[in-house]
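Values quoted throughout were computed directly from the atomic coordinates according to the rules given, and no laboratory measurement underlies them. In this text, all values refer to a predicted model and were calculated from it rather than measured experimentally. With ideal geometry, Cβ positions are generated from the backbone for all residues, glycine too; neighbour counts draw on all protein chains shown.
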Amino acid sequence: MLYQMSGSIAVAKAIALCRPDVVPCYPITPQTHIVEHLSVLVKSGQLENCTYENVESEFASMSFCIGSSAAGARTYTATASQGLLYMMEAVYNASGLGLPIVMTLGNRAIGAPINIWNDHSDAMSVRDAGWIQLFVESNQQAVDVHIQAFKLAEALSIPVMVNMDGFILTHAITRVDLPEQEQVDQFLPPFVPRQKLDTEAPLSIGAMVGPDAFTEVRYLAHHRQKEALAIIEQQAKEFAKIFGRDSGGLVKSYFSEDADIVLVAMGSVIGTMQDLVNDLRNEGYSVGILSLRSFRPFPANAICNALKNAKQVIVFEKSFAVGMGGILASEIHMATQRFVGDKLIIKSVIGGLGGRTITKKSLRKLIDSANKNELDDEVFMDLDGTTVVRELKRQQEEQSSGPVAENILRDIGVVSASKTH
Amino acid sequence: MFQIRIHGRGGQGVVSASELLSVAAFSEGKFSQSFPSFGSERMGAPVQAFARISDSNITIREPVMEPDMLIIQDPTLFQAINVFDGAKFDGYLLINSSKTPEELGIDDVTSQYPNNHVMTLPATELALKYIKQPKPNTVLLGAFAALSNTIKIPALEDAIRGKFPKKIAEPNIAATTAGYNFIIKQLENT
């Protein structure tokens, strides 16, 4: 049925349709409304047979998830940013132990400097943690992909993280088609755990593994992620059959098959890019988009296949590895080198950091430069060069130039001067 | 696509107003989206919220840069920020004030709009009368319906009833109607 609601409420309702047994939570912006609404659903009896526990920290939250999932309970939680960092040790344990937990990450920047707004730094901080990492473009996909996430996690016995842009999606009120319970029940069978702590049939989970078997256990984790490539595609098809919608899958092309210039990105920015590409194609530009819906496993073959006719690829990402550059750009570069060769020009664009608005106008400038073969290899979109140069000059002139963030805030007039120069 | 930007201060119901607009548009069968400007929300701080209404699916996520309708819930903002940034002068402007644009010192901007596209109304006073609180948002939504004809009053009433319990909803509906009638009267007089 169609509703007009916020992304967070829609996700909470979708989770409830998946009949979780245990939901341990610790609220953090911008995912708070998700767990808040789940508590309402449990308390009001709309979500039955579910243990909801507001625990004391994110570390406790993921540890609780590990315990309940190991005991055979379908388990869900949500977090963001510093909350994810605080649970980090348990995040690795959840995947290392092969526990099919589903977690929403309401994507947000990581401090310092402290920032509550959206980017993908948190998701990238766990890119090697062994979780499946899916990205959604819209609130409809957020609903649909969470439903698929439980099925995927339980099929492979690995945790799945659904990445949903904080604020841009969580706080946006849009049209959402919420599935019926019968449809979800048809798609998502009851949880049959691969391993289960059971007092009737005791076993241990979490053995210490030495050099004699560690490589094999880790290899199998990698193997399971590779198996996920086929299962993600197959489940997206199955989902489309039951729910009548395209959601999920590994990648999604938008006019990219025949385009000279292809934008590659993940998450809600795809929506703005689609709007731009509609305009540009009307003006005769040969431009398209490739949306990466699965980041882990990394769908190298699907990406290469989608980019095989492209001349220039602009990888747009909302985070970067300091001292290295674009993470996604580098992975795409590696994947395409192997299959397409180095004739493909790949440009790396970093934008939308810490919630900076990604405008159609700025994206259009990128395409215009690329069209004239003038786009730099690495671009920080809408970077205020004057501010950067001013701070660099200050540092050059004075050893004790002070904290960078405070200096810049003073320069741009956000805070009044606390110190005079 | 019709794009709306609402400026106000924390506590004036700016975000709720954009939400109500999008829900009302949805109930009329249209596609709509609304979202706030995502600042650290606190009482009194300048706040913006956005809404888009369209006959087809809306994919764009950027804030409303070129509003067809600009709603100013707090006239003290004219001194604080450039609320007119990107305003489309063939669009509409709705200001919560009992003063005229000349008295507010913004007639250099408002004169660029066509006749009857700029309206001021004492929304806070009307809100105090009907909901006993200085929250001008629902009065301005009624005024919006009268001025733009993009949304009908029954849809706004349904949206308000859907969001608030009856005790809060009914006075707000009365406030919406008052805002609507005020603008209709203004339009008839000109």
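What does the net charge come to around A:Gly106 if you take all other residues with beta carbon closer than 13 Å to its beta carbon, with K and R at +1 and D and E at -1?
On the way: positive: A:Arg108; negative: A:Glu36, A:Glu58, A:Asp119, A:Asp122, A:Asp165.
Summing Lys and Arg as +1 and Asp and Glu as -1 gives -4.
Net charge near A:Val349: determine it from the other residues with C-beta under 14 Å of the C-beta of A:Val349, scoring Lys and Arg +1 and Asp and Glu -1.
Working: positive: A:Lys318, A:Lys347, A:Arg356, A:Arg364, A:Lys365; negative: A:Asp119, A:Glu317, A:Asp368, A:Glu374, A:Asp376, A:Asp377, A:Glu378, A:Asp382.
For residues surrounding A:Val349, the net value is -3.
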Discussion item. Between B:Gln186 and A:Glu406, what is the label-point separation in nm under the 7 Å Cα-to-beta-carbon projection?
Written reply: 4.7
Response to the item:
Residue separation between A:Ala230 and A:Asp279 times 0.36 nm, minus their alpha-carbon distance, gives in nm 14.2 nm
Practice prompt. From other protein chains only, count the Cβ atoms within 10 Å of every residue's Cβ in A:165-175, then give the mean.
Written response: 5
Discussion item. Restricting to DSSP loop positions (anything but H, G, I, E, B) with no more than 11 other Cβ atoms inside 10 Å of their own Cβ, which trypsin sites (Lys or Arg not before Pro) remain in the stretch B:1-83?
Written reply: B:Arg42
Worksheet entry | Prolate/oblate/rounded label for the stretch A:1-159 (Cα gyration tensor, a/c 1.5) | rounded
Worksheet entry | Selected from B:Ser27, B:Ser18, B:Ser111 as most flexible by GNM, with chain B as the system and alpha-carbon contacts under 10 Å | B:Ser111
Worksheet item: If you stretched the chain out fully between A:Val55 and A:Asp177, how much longer would it get, using 0.36 nm times the residue separation minus the C-alpha to C-alpha distance?
Response: 40.8 nm
Item to complete: With 26 Å as the limit, write out which pairs from A:Lys308/A:Lys365; A:Lys252/A:Lys343; A:Lys241/A:Lys360 have Cα-Cα distances beyond it, or answer none.
Response: A:Lys241/A:Lys360
Worksheet item: What nm value, rounded to one decimal, do you get for the distance between B:Ser98 and A:Val414 when each label is placed 7 Å out toward the C-beta?
Response: 4.0
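If each DSSP helix of 4+ residues adds -39,500 (n - 2.57) and the sum is divided by the residues in the protein assembly as shown, what number results at 222 nm, nearest 500 deg cm²/dmol?
On the way: 23 runs with 261 residues, N = 611.
About -13000 deg cm²/dmol.
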Worksheet, complete the sentence: Hits for chain B under the membrane-span-like helix rule (DSSP H, Cα axial span at least 24 Å, Kyte-Doolittle mean at least -0.5) are B:166-189
Fill in: Most positive-pole-ward Cα, A:Leu229, A:Met103, A:Phe214, against dipole of the stretch A:2-243 from beta carbon charges
A:Leu229
Practice prompt. Can you give me the three principal axis dimensions of chain A from its C-alpha atoms, in Å, biggest first?
Written response: 70, 55, 54
Practice prompt. Check cross-link reach from B:Lys163 to the lysines: straight Cα distance under 23 Å, and skip same-chain residues fewer than eight apart.
Written response: A:Lys13, A:Lys43, B:Lys30, B:Lys129, B:Lys132, B:Lys135, B:Lys152
Fill in: With at most 11 neighbouring Cβ atoms within 10 Å, loop GluC sites (Glu not before Pro) (DSSP) excluded, longest segment of chain A
A:57-179
Item to complete: For A:Lys196, list the aspartates and glutamates whose Cα falls under 19 Å from its own Cα; do not include residues on the same chain fewer than 8 positions away.
Response: A:Asp21, A:Glu154
Fill in: Dipole-positive endmost among B:Thr110, A:Ser247, B:Thr100 within the protein assembly as shown (Cβ charges, Cα centre)
B:Thr100
Fill in: FRET E, pair A:Gln337, B:Asn57, Förster distance 45 Å, beta-carbon r, rounded to 0.05
0.80
Worksheet, complete the sentence: DSSP beta bridges in the protein assembly as shown: the antiparallel percent, rounded to 5, is 35
Item to complete: Give the value in nm², to one decimal: projected area of the alpha carbon convex hull of the stretch A:251-380, averaged over all directions.
Response: 7.3
Worksheet item: On average, how many beta carbons from a partner chain sit within 10 Å of the beta carbon of a residue in B:61-73?
Response: 3
Worksheet item: Taking only Cα atoms, what is the 0 to 90° angle, nearest 10, from helix A:327-339's long axis to the longest principal axis of chain A?
Response: 80
Item to complete: Could you work out how far the C-alpha centroid of the stretch B:56-125 sits from that of the stretch B:149-186, in angstrom?
Response: 20
Worksheet item: When chain A is treated as a GNM, springs tying every alpha-carbon pair under 10 Å, which of A:Leu99, A:Leu250, A:Leu375 comes out with the largest mean-square fluctuation?
Response: A:Leu375
Worksheet item: How crowded by other chains is A:219-228, given as the mean number of beta carbons from other chains within 10 Å of each beta carbon?
Response: 0
Worksheet, complete the sentence: Scoring only Lys, Arg, Asp and Glu (+1, +1, -1, -1) among other residues with Cβ under 13 Å from the Cβ of A:Ala60 yields -4
